[in-house]
Amino acid sequence: MVPMHLEAPWSPLSSRHEQLRPGNAAIQWACGRRGRVTIVTVVLFVVVLVLAGARQSHTLTSSISSNLDQFSTWRPHLPHLPASIPTSLRKPSKTALLLEEGAISHVPGNLHKSSPNFHLFLSSLEHDIDFCKTTMSAMIMNYPPPTILSPFVNSARKADWEKSKLKDVLAYLEDKRVVKDNDLVMLVDGRETWFQLPSELMIRQYMTVVADANRRVKKEFGAAFAQTIVFGAKKTCEGDDVACRHMPSSVLSSVLSSVLSRDTYRTGEGMKEAEELVPAQYLDADTLMGPVKDLRALYQTALLVLDQGKSQYRTVQSVMKTLFGEQMLARRIYKKENRPAPLKMFNHISGTLKGSKKKDQTSDFILEENRQYEFSIGLDYTHALFQPLMESAEDELLITQPTIETEKTLKDRPRMLHVSSDLPSVFVNATGPFWRPDDSTNDPSPNDKSAYIDKLEYKYGLDKLPRRDTAWTNISLIQNAYTGAIPATFRAARGSNSLGTKQASQGRDGRLADAQSINGNVAWTSLWYAGYERALLRRYFRTPQSPMGYHTAAVGGDLLWDQRGGRGGVWTADFSLWLPWGEVDGVCGTYDLISTVFGDQKGVWLHEDEEGGGKKGREEEEAELRKHYEEERKKDQEWMQKMEEERLEKERKEKEERERAQREKEKEEREKQEKERRAKEDADKKAAEEAAAASIAAPASTTAGEVVNNAVENAAPDISTKQGQQQQQR
């Protein structure tokens, strides 16, 4: 009978061969104390890894989803809006409300605007049709009178122009007379910008973009940072600027990667890189919006960076990209240094085990002491504020029309990820696009005469518009099919005139391409107000004389954007000079510019009723103005010539005076030298005479001395003889 061994395989009684089996050894190690601790540690690390990955995935997904769906629901409150941004720029003051309610019978003295202001900056080197389109669309959309930075000055060096833009903006932001810390500022290009949405909706979209961005920032970095400044986003980064490598990825990158990836697609000419299909992630320094206080700090540092040459190029674009890249690196360092200790250890161990070859971007970046890196900068990734047209894909932008045909068309476009006939939530309770006071029921005039000046009184042929109660849902708006946003502004390529005709320009591949194709198949005529420019502009000019204008002024101007005054023109940043729009002595006042920008053949602005549409009168005004400018130019030349002659005469007299003084000095020097020479000669002569006298006296004294010596020698024997005789007698 074979004996049965009841001992376990890992017991001391088991055979050595059985104990050395791999399975038995592993089980034996796991049952030990060290094995149990190791297993528990590994399990905990795996659980933490899974939870962290799930949380990160959930955070990213929810963040991206909230970006794409940010307009799907009405949100009356924005909990993630920074405290530095007012929730309502047009909230009336308590005094204004009391005046409106009739609780105050008399308007108090020194009544001032208490709500924040809104300021618009335009940068433009030239005064041409593109500049006139930009300024006209800004007025139609009820933006504040723009301030032109270094207007129409052709600098010899680009670096001077770039620095001038920074200095002009900073000087304006530091002027306490015109700005307050909580005012909002918007800066766009003065020749490439088309405004699609009114200023009211622009500010609403800005606040929504900021609130969504701050929710993402809080999830990623905690409550240490906030976003208040929003730059436009574009898809390409010029040159080999090192700041391009530190740009954060777009918040849409992971969601749109399936269709908006940097891959290739087949065209008739072969394979081509689809740059237009890449989500925008690079900063555009020519389009921005933010509060005065934060922008002031940004521009102060930007000017120092430009002067010190700390950016790769001496341009505003390179400087702003550098500051944004450094801000994001500093945020990553902060996040890395403030991680919980277990997470730090886990990341270190996981990185070591994976042997990742990807280099940490923050490893070579060293934070300098006493230097500001945080400027609350972010980008408009969804193009709710700024939409560049030059980099748009062929089907990225479409015109919304809430019809069955459009909905069917949208279903046939696989790339359109977020297209809906519903407008974004910012349009809720917004003033309609064609709203204006109904003078038939509320005429401000006390008699049968018009309340407006003659040139703005209502005329059917000039003021015909769709119904005043037309809703935004009945308007054709240009929408970004990839993000669902309806951009407030577009940055267009220059050259497409107001009638939408095509103008040849150089394309990326060296071929000629028309301006409309460069603008993503969007032309000026694609804008919803195309064809109504003159009527809408007359409505804008008429507003201050309307009941609304009188009421706004009477209660303190809380509903106004800008308290400097002026409507229908531009301010210059350097001299605060007001230039009226459409006038010969202002901007966009020539007949060629006026007829081109309107394109309706109704005549000169505010002179439509004159013979020939005011063309003859305007041409005469232009000729008179040119004559006046020529006379002033001649006067200036004569004055400059006179000043030059006076300068030359002054220089001649100064030269003669210097020469006379030099001659006097030389004469005095010669007299002095002559006097010194004569004194020296006299001294030399006297010395010579004394020497001669001394030489004559020397022989006489020698002879007398010899006679005395001889007498002494001869007398010496006699004296000694006499002395001897006297001694003998004694």
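Go through Asp212, Asp181 for me and flag whichever is closer than 30 Å to Tyr529 by Cβ, touching a helix residue (DSSP H, G or I) at 6+ places or on another chain (Cβ under 8 Å) and in the same structural domain as Gln317 (by TED's automatic domain parsing). Break it down stepwise before answering.
Details: Asp181 fails: closer than 30 Å to Tyr529 by Cβ.
Testing whether each residue is closer than 30 Å to Tyr529 by Cβ, touching a helix residue (DSSP H, G or I) at 6+ places or on another chain (Cβ under 8 Å) and in the same structural domain as Gln317 (by TED's automatic domain parsing) leaves just Asp212.
From the list Gly549, Gly531, which one is surrounded by fewer than 20 Cβ atoms within 10 Å (Cβ to Cβ), at pLDDT 90 or above and small (Gly, Ala, Ser)? First the steps, then the outcome.
On the way: Gly549 fails: at pLDDT 90 or above.
One residue alone meets the criteria, Gly531.
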Selection from the stretch 210-224 of residues over 18 Å from the mean Cα position of the chain (by Cα) and either under 24 Å from Pro116 (Cα atoms) or modelled with pLDDT of 95 or more (or both) yields Ala211, Asp212, Ala213, Asn214
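Quickly run through the stretch 124-160 and pick out the residues that are at pLDDT 90 or above and under 20 Å from the mean Cα position of the chain (by Cα).
Phe131, Thr134, Thr135, Ala138, Tyr143, Pro144, Pro145, Pro146, Thr147, Ile148
Against the condition assigned by TED's automatic domain parsing to the domain that holds Ala535, under 21 Å from Tyr373 (Cα atoms) and surrounded by 21 or more Cβ atoms within 10 Å (Cβ to Cβ), how does Thr228 come out, does it pass?
Details: assigned by TED's automatic domain parsing to the domain that holds Ala535: yes; under 21 Å from Tyr373 (Cα atoms): yes; surrounded by 21 or more Cβ atoms within 10 Å (Cβ to Cβ): yes.
For Thr228, the condition - assigned by TED's automatic domain parsing to the domain that holds Ala535, under 21 Å from Tyr373 (Cα atoms) and surrounded by 21 or more Cβ atoms within 10 Å (Cβ to Cβ) - is met.
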Only one of these conditions is not met by Arg216: (1) buried (at least 18 other Cβ atoms within 10 Å of the Cβ); (2) farther than 23 Å from Met328 by Cα. Which number is it? (2)
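Of all the residues that make up the stretch 461-480, how many are part of a strand (DSSP E or B) and among the polar types (S, T, N, Q)?
If we filter the stretch 461-480 for residues that are part of a strand (DSSP E or B), which is where we start, we get 477-480.
Going one step further and asking which of them are among the polar types (S, T, N, Q), we end up with 479-480.
Within the stretch 461-480, residues that are part of a strand (DSSP E or B) and among the polar types (S, T, N, Q) number 2.
For residues that are part of a helix (DSSP H, G or I), surrounded by fewer than 17 Cβ atoms within 10 Å (Cβ to Cβ) and free of Cβ contacts under 8 Å to residues at least 24 places away in the same chain, tally how many sit in the stretch 583-616.
Summing the residues that are part of a helix (DSSP H, G or I), surrounded by fewer than 17 Cβ atoms within 10 Å (Cβ to Cβ) and free of Cβ contacts under 8 Å to residues at least 24 places away in the same chain in the stretch 583-616 gives 4.
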Which is farther than 30 Å from Arg534 by Cβ and not assigned by TED's automatic domain parsing to the domain that holds Leu527, of Glu624, Glu666? Glu666
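The values are calculated or read from the model by the stated rules, or taken from the named source; none is laboratory data. Because the structure is a prediction, the values reported are computed rather than measured. Positions of Cβ are generated from backbone atoms using ideal geometry, with glycine treated the same way; all protein chains shown enter the neighbour counts.
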